[in-house]
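The values are calculated or read from the model by the stated rules, or taken from the named source; none is laboratory data. Note that the structure is predicted; figures quoted are calculated from it, not measured. Virtual Cβ from ideal backbone geometry, glycine too; neighbours counted across all protein chains shown.
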Amino acid sequence: MAKDDYRGPEADRIRSMFGSIAGRYDRANTVLSAGVHHRWRARAVRFSGAREGDRVLDCATGTGDLAIAFQNAVGDRGEVVGTDFTPEMIEVARQKNARIQFDVADVTQLPFADGRFDISSIAFGIRNVNDPQRGVAEMARVVRSGGRVIVLEFGQPRNALFRTLYDFYSHNVLPRIGGVVTGERAAYEYLERSSSRFPCGEEFAKLMRASAAFDAVDYVPLTFGIAYLYRGTKA
């Protein structure tokens, strides 16, 4: 399957998989990334241009780390809503931060009015959506004209040597450690497979442009291309 024809897994499979690891998800992320994922999320907030008083929707929020980072940026006058279609993840997020409204919702069917937010975001979730283009379209629908859609997602490093090392880690080390930390090795084998197949860089930027009317779509690689940040500015 070509990357520009990418289809994600069935929703029920993803919901079950993430529900089973929700209580151990944060610890696994920190161990497997050596804490780098926190810096990536902080970079996403800066890349979004979030300001005090902004309204932000964080989709596939998981346990809420990106939503919490946005809350710190928009302050008491702002509003942050976090959604995820896995109830167990939402329960963990609610326990971490009571100020943010966390709701169960699917990014492909967002229960919000057109133009309600200044920013919509998704971190490490769009590749898990069965129809990523529809997910981006919904994220664009709920932001105002001039608002931003922010996507943080895994990529594939371009440097040949670093790619070899990273592929070895992803294929051999990551599933083993993830399995030890969470007891669900299959979830981290899926992580390796889905990350290696998902379009990144210009390929994903093209998907975003095909999803909604954006004035501009730009992106930056993070940590040699292990992850990418994308920003679509709505027309």
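Just to check your reading of the model, which residue among Ser33, Ser16 is surrounded by fewer than 15 Cβ atoms within 10 Å (Cβ to Cβ) and hydroxyl-bearing (Ser, Thr, Tyr)?
Result of the check over Ser33, Ser16: Ser16.
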Check your understanding: Hey, does region 177-200 have a residue that's under 12 Å from Tyr230 (Cβ atoms), crowded, with 20+ Cβ neighbours inside 10 Å, without any contact (Cβ under 8 Å) to a residue 60 or more places away in the chain and not small (Gly, Ala, Ser)?
Key -> yes
Review point. Would region 131-141 turn up any residue that is in a strand (DSSP E or B), aliphatic (A, V, I, L, M), modelled with pLDDT of 90 or more and closer than 27 Å to Val81 by Cβ?
Key: no
Exercise for review: Answer yes if at least one residue in region 211-222 is at pLDDT 90 or above and within 23 Å of Val31 (Cα to Cα), and no otherwise.
Suggested key: yes
Review point. Only one residue in Ala137, Ala123, Ala113 is touching a strand residue (DSSP E or B) at 6+ places or on another chain (Cβ under 7 Å) and of a type in the set (A, V, I, L, M). Which one?
Key: Ala123
Check your understanding: Which condition number in (1) over 20 Å from Asp103 (Cα atoms); (2) in a helix (DSSP H, G or I); (3) more than 17 Å from the chain's Cα centre (by Cα) is the one that Arg51 fails?
Key -> (2)
Review point. Can you find even one residue in region 202-209 that is acidic (Asp, Glu) and closer than 26 Å to Glu138 by Cβ?
Key: yes
Point to revise | Criterion (farther than 25 Å from Glu202 by Cα, surrounded by fewer than 19 Cβ atoms within 10 Å (Cβ to Cβ), touching a residue at least 12 places away in the same chain (Cβ under 8 Å) and within 17 Å of the chain's Cα centre (by Cα)) met by exactly one of Ala22, Ala11, Ala42 | key: Ala11
Practice item. Determine whether region 45-56 contains at least one residue that is surrounded by fewer than 17 Cβ atoms within 10 Å (Cβ to Cβ), of a type in the set (Gly, Ala, Ser), farther than 15 Å from Ile119 by Cα and at pLDDT 85 or above. Key: no
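Before we move on, is Ala123 modelled with pLDDT of 95 or more and among the aliphatic types (A, V, I, L, M)?
Criteria met by Ala123.
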Review point. What are the pairs, 6+ residues apart or on separate chains, where a residue within region 142-159 that is in contact (Cβ under 8 Å) with a residue 24 or more places away in the chain and closer than 30 Å to Leu174 by Cβ has its Cβ under 7 Å from a residue that is small (Gly, Ala, Ser) and surrounded by fewer than 20 Cβ atoms within 10 Å (Cβ to Cβ)?
Key: Gly155/Gly201; Gly155/Gly225; Gln156/Ser196; Gln156/Gly225; Pro157/Gly225; Arg158/Gly225
Check your understanding: Does Ala73 meet the test of being at pLDDT 95 or above, in contact with a helix residue (DSSP H, G or I) (Cβ under 9 Å, 6 or more places away or on another chain) and part of a loop (DSSP other than H, G, I, E, B)?
Key -> no
Review point. In region 1-26, which residues are under 27 Å from Glu79 (Cα atoms) and not acidic (Asp, Glu)?
Key: Arg15, Phe18, Gly19, Ala22, Gly23, Tyr25
Exercise for review: State whether the residues of region 152-166 include one that is more than 16 Å from Cys200 (Cα to Cα) and of a type in the set (Asp, Glu).
Suggested key: no
Check your understanding: Just wondering, is there one or more residues in region 148-158 that are surrounded by 15 or more Cβ atoms within 10 Å (Cβ to Cβ) and part of a helix (DSSP H, G or I)?
Key -> no
